[in-house]
Structures are given as structure tokens and as C-alpha cells.
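Bear in mind these aren't lab numbers, they're just calculated from the coordinates by the rules spelled out. The shown structure was predicted, so the numbers you read here are calculated from the model rather than taken from an experiment. Positions of Cβ are backbone-derived with ideal geometry, glycine not excepted, and every protein chain shown enters the neighbour counts.
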Amino acid sequence: MPLKTNQWLSKAAQTVSVVCHPVFIPLYAVWFYFKATPRYFISQNQKFLYLYLLIVAIIIPLLFFAVMLLTKSFSGYQLKKPKERLFFSVIMAVVYLIIFQKLTKYHQFIELYPFFLGIFLSILVLAFYNYFGQKPSIHAMALSGLLTFFMMWSYYSRVNILNYVTLCLMAVSIVSAARIYLKAHSLKDVARGIIIGVTMQFLAFYIVWLYY
């Protein structure tokens, strides 16, 4: 029996949500960064950063998340309860603080400093909202943060990455619509996520410009 239109839309929205899941965004950012930057990077350092992010930013959080689900500490994979999101946000804030501190030891990756600092700051703001029972869209927050990073990096480094900016802008729009369609978030949640992602990236660029 062929799937109905709404079933196709639901599957498409779910697929987009998984592909653009916030946990993968840092890896995408680094990949685009290495592809677009005109500078030369030592191959070993590139491989190290990929592996480090894969383990620390993806595998460890996913394993932790799986354990919490198996022990029924979380109500479900969508973390519908703000308190569950608060707990996981605190864990992820620690993870990205560790990543940022590790990254600062490699001066050749200085353009990436504001991106990871921005993620850390965004998660802190997200935890604040979670504490008061709100749940801004993490998908919208992560993708809008990536979009802002591309725009700011292009402006300061004079690198033409209009294609990446356009692709990311489309991703923000499509994923935001998908999250609303799946009723995972309201329009207000998505708007808050976008505002957090954009604002914290701007703040991170300012902090890095002052101190690094």
C-alpha cells in the first residue's frame, strides 16, 4: 500500500532532523572549514581533530544518551521534558568546554575558536531556558549558529563561501519547518533557538577577537 502524502512528509521531516541533528553539526563545520580555508593544514592535525570530535562530541554523548534511555532515566529520545533537557544540556556544556580548551592549544585552528565557544555559550543559555520549563529548538540553535559562523568567518577572513552560507540558510529553513511539522517544537521554540544560536556566535567572535 503506497504511503500517503502526510506519511512521506513525516518521513522526510524525520530524515532531515536526523541528518542535521545538533550532535553532527560540529563535524560538518570542521569539514566545511577544511574544505574552504585557503591555508594549508598538517594532515595529522586534521585527522586528530576529526577523530577527537567523533569520539568526544558524538560517540560519548550518544553512548551516555543510550544508557539514560535504557535505564529509563529519560522519557524518550525526543526529551520532551525540560528537566531532562536541562540535565543533558549541562553534560553537553561540559563536553564543549573541554573541546574548546583542547582546541585553543592548536593556534592554527584559531578560526574555529568562536564556533566552539559559541556552542558552549548557546548551551548555557539553553540550560537557562530549560531550567524555567522552556525548550528552545536545539536543531534551530545549532544550524543558525553554524550559519552565523560561516558569515562571520567569511567576513573577517575574506573567504568567499557564499555556497556554504546559502546551503546552511536552506538547512535552517527546512529543518526549522520540519521540527514544527513533526510537532517537536512550536514556532516560538524555533525562533528562540535561532536567536540563541545567532546571538551567542556573535558574542563568541567578539570574545575571541578581544582575547585571542
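Residues considered: Tyr33, Tyr106, Tyr131. Largest GNM mean-square fluctuation over the chain, using C-alpha springs under 10 Å, is found at Tyr106.
The residue among Thr71, Phe149, Val125 whose Cα reaches farthest toward the positive pole of the charge dipole of the stretch 69-149, with charges on the beta-carbon of Lys, Arg, Asp and Glu, is Thr71. Remark: relative contact order (the chain) = 28 percent; criterion is Cα-Cα distance under 8 angstrom and separation of 6 or more residues.
Can you give the extra length, in nm with one decimal, that the chain gains between Ile91 and Ile60 once fully stretched, where that is 0.36 nm per residue apart less the Cα-Cα distance? Before the final figure, lay out each step's value.
Details: separation 31, 0.36 × 31 = 11.16 nm, distance 1.06 nm.
Between Ile91 and Ile60, full extension yields an extra 10.1 nm.
Please go through the stretch 113-212 and write out the trypsin sites (Lys or Arg not before Pro) that DSSP classes as loop and that have at most 11 other C-beta atoms within 10 Å.
Numbers: sites: Arg158, Arg179, Lys183, Lys188, Arg192; in loops: Arg158, Lys183.
Sparse-neighbourhood loop trypsin sites (Lys or Arg not before Pro): Arg158, Lys183.
The long axis of helix 187-211 is offset from the longest Cα principal axis of the chain by roughly 20 degrees. The angle separating the long axis of helix 82-103 from the principal Cα axis of greatest extent in the chain is about 20 degrees.
Just the Kirkwood number for the chain, please: inverse of mean 1/r across all distinct Cα pairs, in Å, one decimal. Mind showing how you got there, number by number?
Numbers: mean 1/r = 0.0562 Å⁻¹.
Hydrodynamic radius (Kirkwood, Cα only) of the chain equals 17.8 Å.
Computed from Cα positions, the angle between helix 60-70 and the longest principal axis of the chain comes to roughly 20 degrees. Segment Tyr106..Ser157, full-extension length gain: 16.6 nm, with 0.36 nm per residue of separation and the alpha-carbon distance subtracted. Compactness of the stretch 108-212, taken as the C-alpha radius of gyration over 2.2 N^0.38 Å, stands at 1.09.
Extension gain, Phe128 to Gln7: 0.36 nm times the residue separation minus the Cα-Cα distance gives 40.0 nm. Ellipsoid semi-axes for the stretch 20-130, based on the Cα gyration tensor and the rule √(5λ), read 29, 15, 11 Å when sorted largest first.
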